[in-house]
1. Per residue of the stretch 148-153, in order, report the coupling 6.51 cos²θ - 1.76 cosθ + 1.60 (Karplus, θ = phi - 60°) as ³J(HN,Hα) in whole Hz, putting x for Gly and Pro.
2. How would you order 108-117, 25-34 from highest to lowest mean count of nearby Cβ atoms within 10 Å?
3. Which ³J(HN,Hα) values in Hz, rounded to whole numbers, follow from the phi angles of the stretch 30-39 under the Karplus curve 6.51 cos²θ - 1.76 cosθ + 1.60, where θ = phi - 60° and Gly and Pro get x?
4. Quick check on packing: order 39-49, 88-98 by the mean number of other C-beta atoms within 10 Å, highest mean leading.
5. Tell me, what ³J(HN,Hα) does each residue in the stretch 76-87 have, in order and in whole Hz, if you take phi through Karplus 6.51 cos²θ - 1.76 cosθ + 1.60 with θ = phi - 60° and put x for Gly and Pro?
6. For the chain, what is the mean residue ellipticity at 222 nm derived from helices alone (per DSSP H run of n ≥ 4: -39500 (n - 2.57); sum divided by total residues; nearest 500 deg cm²/dmol)?
7. Compute the Rg to Rh ratio over the stretch 4-67 from the alpha carbon atoms, using the Kirkwood formula for Rh, and round to two decimal places.
8. Please pull out the direction-averaged projected area of the chain, using the convex hull of its alpha-carbon atoms, in nm² to one decimal place.
Amino acid sequence: MAPIELPDPDMDGSISVERAIATRESRRSFARTPIELEAVSQLLWAAQGQTHVRDGVELRAAPSAGATYPLTVFLEVAPNGSEELEPGVYRYDQQRHALERELETAVHDDLTTASHDQVVIADAPMTIVVTADDDRTKRQYPDHGERYVHMEAGHVAENVHLVCESRGLNTCPVGAFTDTAVAAALSLPTRLAALYLLPVGHRPAEQE
Ligand SMILES: Cc1cc2nc3c(=O)[nH]c(=O)nc-3n(C[C@H](O)[C@H](O)[C@H](O)COP(=O)(O)O)c2cc1C
């Protein structure tokens, strides 16, 4: 299946970074409206988008120890989560700024179960799933590699959180889930482990 090209990310947010930091909080409820492809583009670019090339190395939106880039970002789309994307699982290709469809069936119920039935996952139209191949970083940093990978996932989550704040979207970082169940829900390759779930959705009218 051909990749789904994402629109170019917008480089001018509606509020300053400082304002986004000041107002950011974990928001666990969502409007029942689909998320537009423009917002998907913005969120995935903030997570792992390719930003520039330095000394022949393609650098991304979040820093990475030794530019080892162990992370792969997936997007789970719930039924009715999008008007442009079918329910299922997509992998973000940062080089093309595009989505590769990985699973053509909805896995929303399985992902919800895997995260201990947290309502924030159940109600989210989409969830960004940050996964890692630890070995990429451990090869270069045998002692600290694992720690570095976790730090990197935190950078990604904060980027996504701040972009949500800037665009009036809600998100809440979710770390409480059963690793094997998330991997099974997304049919992750064995080299990838799920580290972080970032459910996203529009802000309900009463919170605006
Ligand atoms: C690593 C990590 C894991 C978290 N896991 C969950 C989670 O599984 N479910 C949840 O509702 N909130 C989760 N949170 C959100 C925290 O509860 C929240 O950040 C904290 O209460 C502080 O609130 P604030 O984010 O609004 O400042 C997590 C936060 C972090 C940093």
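Nothing in this text is a laboratory measurement; each read-out follows from the coordinates by a stated rule. In this text the structure is predicted, and so the values were computed from the model without any measurement. No Cβ is skipped: glycine too gets one built from the backbone with ideal geometry, and neighbour counts run over all protein chains shown.
1. 4, 4, 5, 4, 5, 4
2. Details: 108-117: 18.6, 25-34: 16.0.
In descending order of packing, they fall as 108-117, 25-34.
3. Couplings: 9, 5, 8, 10, x, 9, 6, 4, 4, 5 Hz.
4. Working: 39-49: 24.0, 88-98: 18.7.
Descending packing order for the listed peptides: 39-49, 88-98.
5. 9, 10, 7, x, 6, x, 8, 8, 9, 10, 5, x
6. Numbers: 7 runs with 68 residues, N = 208.
Result for the chain, helices only: -9500 deg cm²/dmol.
7. Values: Rg = 14.6 Å, Rh = 14.3 Å.
Taking Rh as the inverse mean 1/r over Cα pairs, Rg/Rh reads 1.03.
8. Details: hull surface 46.2 nm².
Orientation-averaged projected area of the Cα hull: 11.6 nm².
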